[in-house]
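The next block holds one structure in the form of C-alpha cells; read it before the comments.
Where a number appears in this text, it was derived from the coordinates with a stated rule and is not lab data. Note that the coordinates shown come from a computational prediction; the quantities given were computed from them, not determined experimentally. A quick note on method: Cβ atoms are made from the backbone with ideal geometry, for glycine too, and the neighbour counts reach across all protein chains shown.
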C-alpha cells in the first residue's frame, strides 16, 4: 500500500495539542493464504503536528485495501507506517479488531510517539 | 464564523470556580469538499472567569453554522477560539463527535486553559 | 431567594465527618428571558459541621423557586450560597442538570469547601 | 436505641484481617415530624477485631427501629455508634439510602476507624 | 471440617507465578442456631506454590459441608485454613456471598499471603 | 502436545513494541480422570519479538487438543510453554476459563515476560 | 382492617370507562406465626364506576397494616374486599409480591369484576 | 382549564387515518389538598379527523396547569375533554404517570373514540 | 416423601378464583445414581379451592428433600402429587429448572387441573 | 416537494411480497412559524409492487427538505404521497419522530395500502 491516495491539509491550530479520532467499521481486505475477504473495525487516535489527514482521502485509502492480501499484523503496522510518514504526528495509536476466522478472534494494537 | 451572535452576562459568582456544561446534539454544517451536510454532537465544558455565555445566543450561534463549509478539525478549533475570545474562561474543553461519513466516524477534542 | 424557609437541626454527631446526599428530580423555575418554565434534576452532597438542613424545609425551599426567574448559572450558585450561609458545612457540592432548551442541554456544577 | 438486643460471638480468626458485609433492604422507622413511616436500604461493611455481630440479633435490632422516630442523619450515626460500642471493630462503614419523601431522595454515609 | 477429603497434584509449572480461580455456586451448610440450610456462592483465587488442589476432591470437600452447622464467618475462615494447610499457596482469597436470611444479605471476604 | 503444528512468520515491524490478541471460544480437551470432554474459552495477548504465530496453524494447534487428557492447570501452562518456545515473545499472557464441572467453575491465568 | 380510613371522591367522568393504577412499594405487615415484619410491593388497577379512592387516605390505609398480622393470601383478598366495598368498581385487580421468607418468594393475584 | 389557549390547523390529509403522538415530560400542577406541586409524564395519541392541534399552543396549554389544583383523575379527564371538544378526533388516548407521593405511584389512562 | 410436614389453612376467600405463586431458588436433593447433590429453582402457581398451603411448612417440606435421592422427573411429579393430595386445588403448575450436570440443563413442567 | 429527484428500478422479485425498510436519522427541515430548524428520525417500511426506490436518489430527496418549511403532519404526509405516486406500492408506512421542541416530543405515523 503506497500512501499516494492520502491527502493532507494544514493543521488549522498548529500551536494547540488536541486529538483527532477515527473509527472505520467497514475495513475489508483479503486473507493472504486463502484469498477470502477479511473484515475489521479499525480505531485511530492521533495528535497532529503540522498536518491533518483529509477525511475523504482517508476513506479512499481504506477502500484501496479491498483487493489487497495481508496478515493482520502486517496490515495494522502498514497503516501506522503510512500515517506516520504522511503526518509525522506527535502521537498516533491504531487498534484493529478482526472478525472471527477459524473460531479465533484476533486484534492488533500499535502506537507511535515522537 | 464571527462571534457577533454570541452574548454574555456577568458571571453571577465571580470568586468561585465552577463548571458549566452544554451538550448540542443538533449541530450541522457543510462539508467543504462536497457541499453536503455534516452532523455532530458537541459537548462543551468551561469554568467561567468574568463572563458567561447566554444560552439563547449560543443556540443561534450554532444555528449559524448551518450553511458554512468547514473541516471537522477546523470547525472544532474555531468554536473554541470564538468562545475563548468571548469569555476568556479559566478552562474550556470541546468534544465534537461527527456522524459517520464514507463509513468513517470522526471526533475532535480540543482544550484551552489560562 | 432568601433562606428564611430553610430550617436546621444540630448535627447529631458533630465530631464525625460523614456525608449527606440529596437528589431533587422535581426542580422547576422560570426562564428570565421568556418567562417559560425550566426544569432540572439537582444533586447535593455535603459534609455537615455543626448544623444539618431539615428535609421538609428543604423541599419547601425548592418549591419556592417555582415562580422565580433565573439563569441556570445564577440559580445553582444561589442555592449553594443559601446552603453555605445556613449550614457553614465542611464541604458541599451541587450539580444541576437542566432539561433541553433550544436543542441544548445545560448543567452547572459548583463546590464550596471550608 | 440501646444495643441490648445485639449479641456477639468471638471472631473465629482473630489474627486475620477480613471483611464482613451486610445489606438490609427492609429497614423502616418513623419520621420524627409527621409520625409517618420511612424506609431505607442499609449497607454495612466492617473488619472485626475480637468480636462479630450475630446475624439473628442484628435482624431483631433493625426490626426494633420499626416504631422509633428519628432523623435520617441521627439514625445512621446511632447504628454506627451501637455497632462500634458492641464490636470495637478495626473498621466500619454504613451507607443508608432512604426512599423518596417530598420529591427528595436522601442518603447518609458514615465511617469509623480505630 | 478435616481436609482428609482434599487431594493435591504437583504444580505443573512450579517456577511460574500464575493464578487459579474457582467459583462454587452450589455451596450449602446448616445454620448453627436453627439447623435450617444456608446457601452461598463461593469464589476462590489462589497462586500455587508446590501443590494444586484437585478439582473433583474440591467438589467433594464442599459437598461435605452439606450437613455441618457453622456461622458464615467461621465457615469462610475454615475453608481458607484448610486450603492454606493443604497447599501452602503464595496467595489465596475467598469471597463467600450467602443467600438472604431474615431480610439480611451477608458476605465474608478473607485473604492469606505468604 | 508438541508444537510441530505451529508455524511462524517474521514480525513485519520488529523494531516496534505492539500487542496481538487472540480469543479462542471453541477450545475442548478431555478430563484426565473421567475421560469426559472439557470446554474452555482461551484468551492470549502477546508482544512479539522476532516472530509471529500464523493464524491457521494456531487454529490447528488448538484443534489437536480435542483428544488429549489434561488438568486445567497443566493445559494452560503447556500452551504458554509451546508459544514461548516457538516465539520467544517479549510478553505473553494466557487466560483460560473452563466450563462448569461438578458445580465448580475454574479459570487459570499465566504470564511470561522476557 | 376496617375501611373507615379510606375516603372517596366522585368519579369526575362517570360516563367514561378508564383505568387508574397504583403501585405501593412500601407495604409492610406482620407474620401471623412469628410476629416478624413482612414486606411487599402491591400493584392495583381499577376502572371506577361512581367513586374514586382518595390518594392520601389510600396511603394511610396501607400504613395501618404496619402492626397487623395476616397471611399473604388473606391480606391480599382483604385489600380487594375493602376497595370493592368502598368503590363498587367496574373492574379491579391486585397483585402483591412479598419479599423472600425462608428461601421462598410468594405472590398473590386477585381480580373482581362487576 | 378552558381550551381558549389551544389552536388548530386543518388536517392536511383528511381522507387518511393516521396517528399523532405527544409526550409531555414536564407537566406540573398543584395538589388540591396540600397546595404542593405534582409532576407527571403525559402521553397523548390521537387520530385526527378534520383538525390537528397546533404544537406551540399545546405547550402553552400545558404550562397553564402550573398553578391549578386538581386530582390526578380529574386532570387527566379534563385534558381529554378539552382535546375532544377542540378536535373531535377519530380516536384519542391519554396516559398520565404521576411522580411518587406518600410512597404511592399513580397513573391514569383514558380513551375516547367516535 | 410423605406430606405429613405440609400444613394448610382455610382459603380466606373461597368463592373467588385467584392465583398464588411461590418461587423456591434453594431446592436441593440427591442424585439417585451418584449420591451427589442436585440443585433446582422451583416455581409453583396454583388456584386454591378450600385450602391454602402454609408457607413455613412449605419451606420445611422442601428442606426435607435435602437427603433424598430422586430423578428430576420423579421429584417434580412427587411435589405435584403431594400438593394435589393436600390442597385439591382448582389448578396447579410446577416448573423445576435443575442446575447443569454433564453440560446439560434439565427442566420439568407439570400441571394438574380439576 | 416534487418527486423529480426520486428514481426507481424494477422490483427484482415481482411475484413475492417482501418488505424494504429505511431509517433516515439526519432529516432536517424548517419550522413554518419560526424559521428555525427541525430535526427528525424517519423510518419507512414498504412492500414493493412493480418498482423500488433507488437509494442515492432517496438520500438526495431527503437532503432537499433542508431549506423547506413545513408542519410535522404536513411533511410526513407529503413524503408518503411522493413515494406512493412514485412506487404505487402494495403497502407503505412512514413513522417520523421529531426532536423535542418546547418540552414536547412529536411523532407522526402514516400508512397507505392498495
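Looking at the stretch B:1-21, which of its residues are under 21 Å from residue B:73 (Cβ atoms) and surrounded by 15 or more Cβ atoms within 10 Å (Cβ to Cβ)?
B:1, B:3
Is the stretch F:35-43 home to any residue that is closer than 29 Å to residue E:50 by Cα, in contact (Cβ under 8 Å) with a residue 40 or more places away in the chain and out of contact with any strand residue (DSSP E or B) (no Cβ under 8 Å at 6 or more places or on another chain)?
No, that holds for no residue.
Within the bounds of the stretch F:62-72, is there any residue that is surrounded by fewer than 18 Cβ atoms within 10 Å (Cβ to Cβ) and in contact with a helix residue (DSSP H, G or I) (Cβ under 7 Å, 6 or more places away or on another chain)?
There is no residue in the stretch F:62-72 that is surrounded by fewer than 18 Cβ atoms within 10 Å (Cβ to Cβ) and in contact with a helix residue (DSSP H, G or I) (Cβ under 7 Å, 6 or more places away or on another chain).
Applying the selection to the stretch G:94-111, what residues are at the interface with chain I (Cβ under 8 Å from one of its Cβ atoms) and either on the phi > 0 side of the Ramachandran plot or crowded, with 19+ Cβ neighbours inside 10 Å (or both)?
If the condition is that a residue be at the interface with chain I (Cβ under 8 Å from one of its Cβ atoms) and either on the phi > 0 side of the Ramachandran plot or crowded, with 19+ Cβ neighbours inside 10 Å (or both), then G:101, G:102, G:103, G:104, G:106, G:108, G:110 are the ones that fit.
For the stretch B:34-54, check the following and say yes or no: at least one residue is under 22 Å from residue A:25 (Cβ atoms), within 11 Å of the chain's Cα centre (by Cα) and surrounded by fewer than 16 Cβ atoms within 10 Å (Cβ to Cβ).
Yes - at least one qualifying residue is present in the stretch B:34-54.
All but one of (1) within 11 Å of chain F (Cβ to nearest Cβ); (2) crowded, with 19+ Cβ neighbours inside 10 Å; (3) free of Cβ contacts under 8 Å to residues at least 24 places away in the same chain hold for residue E:24, so report the exception by its number.
Only one criterion in (1) within 11 Å of chain F (Cβ to nearest Cβ); (2) crowded, with 19+ Cβ neighbours inside 10 Å; (3) free of Cβ contacts under 8 Å to residues at least 24 places away in the same chain is unmet by residue E:24, namely (3).
Which one is surrounded by the fewest Cβ atoms within 10 Å (Cβ to Cβ) among residues in the stretch A:76-93 that are within 9 Å of chain F (Cβ to nearest Cβ) and either over 29 Å from residue F:25 (Cα atoms) or in contact (Cβ under 8 Å) with a residue 40 or more places away in the chain (or both)?
A:81
What's the number of the only condition in (1) without any contact (Cβ under 8 Å) to a residue 60 or more places away in the chain; (2) closer than 30 Å to residue E:59 by Cα that residue I:113 fails to meet?
Answer for residue I:113: the failing condition is (2).
With respect to residue F:71, determine if the residue is more than 9 Å from chain A (Cβ to nearest Cβ) and under 20 Å from residue F:109 (Cα atoms).
yes
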